[in-house]
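Peer 1: If you scroll down you'll find the structure; I have some questions about it.
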């Protein structure tokens, strides 16, 4: 059975969703006005209980604070700190696939009072050619807020608004967790990262607080605090992807690749195959400046478990350090075959226009693995693999392919 789904992963080293050059600093919204006089703009007695007029400040830049995000995109140029850099042209991006369920934690001093959280529905920046990242990326439609496991509310987010939106809460200091409960996809279907350009927390600082001489910068971390920070996340990516892709195809992960990858359950896949993923590992900061290639691969899921399939080494561009680099693995057809074991034919191409379309044949038993790629096009011809009886046959699709590119290939397949 022949399927023609399009699966595309667009990765941008140092710009997975490339942020535009920062514009002049974005003017910050005015803080809530104390209740008397004049009347409060953002808080009332139901929000903040105080016998005297509270002094509202943006806490993340006024008191020692920590912001923690559930994950980060595998692009060294897109930082978690962009979430709180007071620049609407940049954004935090989660790891690919970390959408509903992605979270942000905010920790402020216990003696502070939190009255309001403000955030954008998505990435409000523009690309280098004026691309609208807001409509291209997924946008957040609903979030929940809790403190130490106690629910504080669920809030709808207007996905057409680009400004900071208000979540009214009543909480003492400590840690709040904001969880994404609902998203709407963007126009760029292969972009599957949560994106928020800016986050603010407004409230009353601790008693005796004095304004700092310059705005403070909150500490920004990635992942559960017991799992470490950004560097350990990079190490996790390397452990789960770099080594398995360089090792034998028997390397197995129990979850889809998550560091710079795009995983899909393609319609029509037949057991034991349950998924195909385009996976890339982009070197981190210092490594990238020295690297001259990085690893991409087509990963396969069978019986619900992911394993490394065909490795695709990819050279870096000549820039030093490399900039504005795109890599794209497009899986544009999968064909379930039985030769005699269940196998999967995967047709794919890469971004490099000088590289021809190819296909690989993957099997899950008796040993997992994929064959070396087989070319399916030349300058003026194309072929297409198809199962005929118990054989896999390469047939003419267009043009006049060389005779040695056609015919039965079953006996030529070599698995690792």
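The values are calculated or read from the model by the stated rules, or taken from the named source; none is laboratory data. Since we're looking at a predicted model, the values are computed, not measured. Here the Cβ positions follow ideal geometry from the backbone for every residue, glycine too, while neighbour counts run over all protein chains shown.
Peer 1: Can you find a residue that is at positive phi and either assigned to a helix (DSSP H, G or I) or out of contact with any helix residue (DSSP H, G or I) (no Cβ under 8 Å at 6 or more places or on another chain) (or both) anywhere in the stretch 177-193? Reasoning before the result, please.
Peer 2: First, the residues of the stretch 177-193 that are at positive phi: none.
No, because not a single residue in the stretch 177-193 is at positive phi and either assigned to a helix (DSSP H, G or I) or out of contact with any helix residue (DSSP H, G or I) (no Cβ under 8 Å at 6 or more places or on another chain) (or both).
Peer 1: Test residue 96 against the stated conditions and say whether it is in a loop (DSSP other than H, G, I, E, B), at negative phi, in contact with a helix residue (DSSP H, G or I) (Cβ under 7 Å, 6 or more places away or on another chain) and in contact (Cβ under 8 Å) with a residue 24 or more places away in the chain.
Peer 2: Values: in a loop (DSSP other than H, G, I, E, B): yes; at negative phi: yes; in contact with a helix residue (DSSP H, G or I) (Cβ under 7 Å, 6 or more places away or on another chain): no; in contact (Cβ under 8 Å) with a residue 24 or more places away in the chain: yes.
In short, no.
Peer 1: Right, next: If I go through the stretch 195-221 residue by residue, how many of them are in contact with a strand residue (DSSP E or B) (Cβ under 6 Å, 6 or more places away or on another chain) and either closer than 18 Å to residue 92 by Cα or assigned to a loop (DSSP other than H, G, I, E, B) (or both)? Before the answer, list the steps.
Peer 2: Of the residues in the stretch 195-221, the ones in contact with a strand residue (DSSP E or B) (Cβ under 6 Å, 6 or more places away or on another chain) are 195-196, 199-206, 218-221.
Narrowing the set further to residues that are either closer than 18 Å to residue 92 by Cα or assigned to a loop (DSSP other than H, G, I, E, B) (or both) leaves 195-196, 199-201, 205-206, 218-221.
So the answer is 11.
Peer 1: Show the residue pairs that are 6+ apart or on different chains and have beta-carbon atoms under 6 Å apart, the first residue being within the stretch 69-80 and at pLDDT below 80, the second being buried (at least 22 other Cβ atoms within 10 Å of the Cβ).
Peer 2: Pairs that qualify, where the first residue is at pLDDT below 80 and the partner is buried (at least 22 other Cβ atoms within 10 Å of the Cβ), are 74/259; 74/260; 74/282; 75/16.
Peer 1: Looking only at the stretch 105-124, which residues are at pLDDT below 95 and within 20 Å of the chain's Cα centre (by Cα)?
Peer 2: The answer is 105, and nothing else.
Peer 1: Take the conditions in a loop (DSSP other than H, G, I, E, B), surrounded by 18 or more Cβ atoms within 10 Å (Cβ to Cβ) and over 34 Å from the mean Cα position of the chain (by Cα) and apply them to residue 340. Does it pass? Walk me through how you get there before you give the answer.
Peer 2: Working: in a loop (DSSP other than H, G, I, E, B): yes; surrounded by 18 or more Cβ atoms within 10 Å (Cβ to Cβ): no; over 34 Å from the mean Cα position of the chain (by Cα): yes.
So residue 340 fails the test.
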